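Read through the structure below, which is laid out as structure tokens, and then see the notes.
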2 protein chains.
Amino acid sequence: MRVEIWSDIACPWCYIGKARFEKGLAAFPHREQVEVVHRSFELDPTGPKGVTGSVTDMLAKKYGRTHEEARAMEQHVASNAHAEGLEFLAEGRDNGNTFDIHRLLHLAKARGRQNELLDLVYRANFAEERSVFDPEVLAGLAVEAGLDPGEARAVLADESAYTDDVRGDEREAAELGATGVPFFVLDRRYGISGGQPAEVFTRALEQAWQSRTVAPLATIGGAGAGAGVGCDADGVCGV
Amino acid sequence: MRVEIWSDIACPWCYIGKARFEKGLAAFPHREQVEVVHRSFELDPTGPKGVTGSVTDMLAKKYGRTHEEARAMEQHVASNAHAEGLEFLAEGRDNGNTFDIHRLLHLAKARGRQNELLDLVYRANFAEERSVFDPEVLAGLAVEAGLDPGEARAVLADESAYTDDVRGDEREAAELGATGVPFFVLDRRYGISGGQPAEVFTRALEQAWQSRTVAPLATIGGAGAGAGVGCDADGVCGV
């Protein structure tokens, strides 16, 4: 079974939702047969690259609130994170364009290190308030996740690297009807929006598992003169 | 779009079929949006571990042929490989149980090196007739594919490592109706058996692409009081 999770690393509910999903998955009996894939979603794709500001400033401006009210909003998110056992600072992390982070996460995916890097980026952003919009910080996290330093720096420096992968993920999110994140998709059959409680994820996994059917495949190429040659399960190979 | 390819490294038509598929994929306009996953299939799961013999001996015995006839069968396969630009020796490669090779390929998958290792194993087995049933040879190929030497050796030494992944792939092949390999599955909708000509793969990819529909997802968790909290595409996060 395959679970795809669309998220943005600037989204605190994605950080919390990932932890809740993982708790829900840990309680699912067939967890070993679940493959998890993380996909890209930008909350603010129009945000200028290389420009960062504090999240509380952004919240105050966007909602017309005072800085104290903006800090209270962050405190509320922090308390939800703490309830999941996650560290979370509410002092005013950086806010910025996340496109390059998504590109780097795609390199990590190609190298089997996606989950490691995502956890490290979330931790840096929310628990440590290190600026993940700083290429040096990102390169350090990439190495910590097990990526090759030269390769990670090359991807960060080359704006075209993994751009199609990020855009492809975002197009699929739109096709699947996602309007926000986190967005969880089970076997392309069930969709779950938001950082639901862990039990909701466990029940959803059970529902998807029980209703798992293998649709008959349409055969291409077929039998007969033009058919491809292969080896059958007895080890007999056609000639 | 996702293409899954079930194969056994002891299957010459899988080696040839992979090359043909890759040619077909190279001619497909949307090739950048195709993800290829290799899955395990054992042609002879009952073959004893650690026991190897020559393929021509096996063919002669299995089909009641003379050794010259068995060599002619291999020559015929070799000529098909050569026609695809693949090297292929027909002198009598080793034959044996491929389970450990599949386990190692799953480690490579987890590290983003599956395709690299599969190509190296095919090459060693068919083009160089090095015994891929020798753990030392396998460990060397793993390092050449970019895997960590210690990790590769640990997986080869631990018979339980990635066993569930190999068995899971084989169970899925059976559920999907595969009775031999290579077996190609496009988006879990189309099945292609055998090492078909490259043009068949290109046409199949085009057919799968054009008929690609995004099925509406069933929503779990829903809206209302119990709904999960998230951030929407305007960057607004619920509280």
Original post:
Got a sec to turn the phi values of region B:187-204 into Karplus ³J(HN,Hα) couplings, 6.51 cos²θ - 1.76 cosθ + 1.60 with θ = phi - 60°, whole Hz, x for Gly and Pro?
Top reply: 6, 6, 10, 10, x, 10, 9, x, x, 5, x, 3, 5, 4, 5, 4, 5, 5
**OP:** Give me the percent of DSSP beta bridges within the protein assembly as shown that run antiparallel, rounded to the nearest 5.
**Re:** 60
Subject >> 3J(HN,Hα) from dihedral phi, region B:79-86, Karplus parametrisation 6.51/-1.76/1.60, rounded to Hz, x for glycine, proline >> reply: 5, 5, 5, 4, 5, 8, x, 9
Original post:
With +1 on each Lys and Arg Cβ and -1 on each Asp and Glu Cβ, how big is the dipole of chain A about its Cα centre, in debye rounded to the nearest 20?
Top reply: 540
Original post:
In whole percent, what relative contact order does region A:55-160 give with Cα contacts below 8 Å and a gap of six or more residues?
Top reply: 24
Original post:
Residues with amide H under 5 Å of B:ARG39's amide H, sequence separation 5 or more or different chain, H placed in the peptide plane at 1.01 Å from N; which?
Top reply: B:ILE5, B:TRP6, B:SER7
Subject >> Fully extended contour minus Cα-Cα distance, from A:GLU159 to A:ARG188, at 0.36 nm per residue >> reply: 7.4 nm
**OP:** At a Cα cut-off below 27 Å, give the lysines reachable from A:LYS62, other chains included and same-chain residues fewer than 8 away excluded.
**Re:** A:LYS18, A:LYS49
**OP:** Output the antiparallel fraction of DSSP beta bridges having both residues in chain B, as a percent to the nearest 5.
**Re:** 65
**OP:** Considering Cα pairs under 8 angstrom that are at least six residues apart, work out the relative contact order of region B:2-232 and quote it in whole percent.
**Re:** 30
**OP:** With the convex hull built on the Cα atoms of region A:1-76, state its orientation-averaged projected area in nm².
**Re:** 6.5
**OP:** Would you mind working out the magnitude of the charge dipole of region B:3-73 relative to its Cα centre, with +1 at each Lys and Arg C-beta and -1 at each Asp and Glu C-beta, to the nearest 20 Debye?
**Re:** 160
Subject >> Inter-copy separations for B:ARG171, label at 7 Å along Cα-Cβ, nm, ascending >> reply: 3.5
Subject >> Separation of the A:ALA72 and B:ARG171 label points, Cα + 7 Å toward Cβ, nm >> reply: 5.2
Original post:
If you put a point 7 Å past Cα along the Cβ direction, how far is that point for B:PRO216 from the same point in each other copy, in nm, smallest first?
Top reply: 2.7
Original post:
Under the classification rounded if a/c is under 1.5, otherwise prolate if a/b is larger than b/c and oblate if not, where does region B:94-134 fall, given a ≥ b ≥ c as square roots of the Cα gyration tensor eigenvalues?
Top reply: oblate
**OP:** Can you tell me the FRET efficiency between A:LEU89 and A:THR46 if r is taken as the Cβ-Cβ distance and R0 is 30 Å, rounded to the nearest 0.05?
**Re:** 0.65
Original post:
For chain B, modelled as a GNM with alpha-carbon contacts under 10 angstrom, which of B:LEU105, B:LEU117, B:LEU59 fluctuates the most?
Top reply: B:LEU59
Subject >> Whether region B:88-224 is rounded, prolate or oblate, judged on the alpha carbon gyration tensor where a/c under 1.5 counts as rounded >> reply: oblate
**OP:** Give the nm distances, rounded to one decimal, from B:SER79 to the matching residue in every other copy, measuring between label points 7 Å along Cα toward the beta carbon; shortest first.
**Re:** 8.0
Original post:
Percent relative contact order of region A:111-169, based on C-alpha pairs within less than 8 angstrom and at least six residues apart?
Top reply: 27
Original post:
If you take the Cα Rg of region B:2-232 and divide it by 2.2 N^0.38 Å, with N the number of residues, what do you get?
Top reply: 1.15
**OP:** Provide A:ASP94, A:ASP158 in ascending order of the number of other Cβ atoms located within 10 Å of each residue's Cβ, fewest first.
**Re:** A:ASP158, A:ASP94
Original post:
Hey, what do the phi angles of region B:167-173 turn into as Karplus ³J(HN,Hα) couplings, whole Hz, using 6.51/-1.76/1.60 and θ = phi - 60°, x for Gly and Pro?
Top reply: 4, x, 4, 5, 5, 5, 4
Original post:
Given B:GLY146, B:ALA178, B:ALA127, which one lies farthest toward the positive end of the charge dipole of region B:105-239, if we put +1 on the Cβ of every Lys and Arg and -1 on the Cβ of every Asp and Glu?
Top reply: B:ALA178
**OP:** Based solely on C-alpha atoms, express the radius of gyration and the Dmax of the protein assembly as shown in angstrom.
**Re:** 24.8, 89
Original post:
Out of residues 5 or more away from B:ASN97 or on other chains, whose amide H comes under 5 Å of its own, with H placed 1.01 Å from N in the peptide plane?
Top reply: B:GLY50, B:VAL51
Original post:
Of all the residues in chain B, which one has the C-beta that comes nearest the axis relating B to A, and what is the distance in Å?
Top reply: B:GLY112, 2
**OP:** Return the aspartates and glutamates within reach of B:LYS23: Cα separation strictly under 18 angstrom, same-chain partners fewer than 8 residues apart disregarded; answer none if there are no such residues.
**Re:** B:GLU4, B:GLU32, B:GLU35, B:GLU84, B:GLU87, B:GLU116, B:ASP119, B:GLU199, B:GLU206
Original post:
Looking at the square roots a ≥ b ≥ c of the eigenvalues of the Cα gyration tensor of region B:1-135, which shape do they give, rounded for a/c under 1.5, prolate if a/b is larger than b/c, or oblate?
Top reply: oblate
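Bear in mind these aren't lab numbers, they're just calculated from the coordinates by the rules spelled out. Source: prediction; values computed, not measured. With ideal geometry, Cβ positions are generated from the backbone for all residues, glycine too; neighbour counts draw on all protein chains shown.
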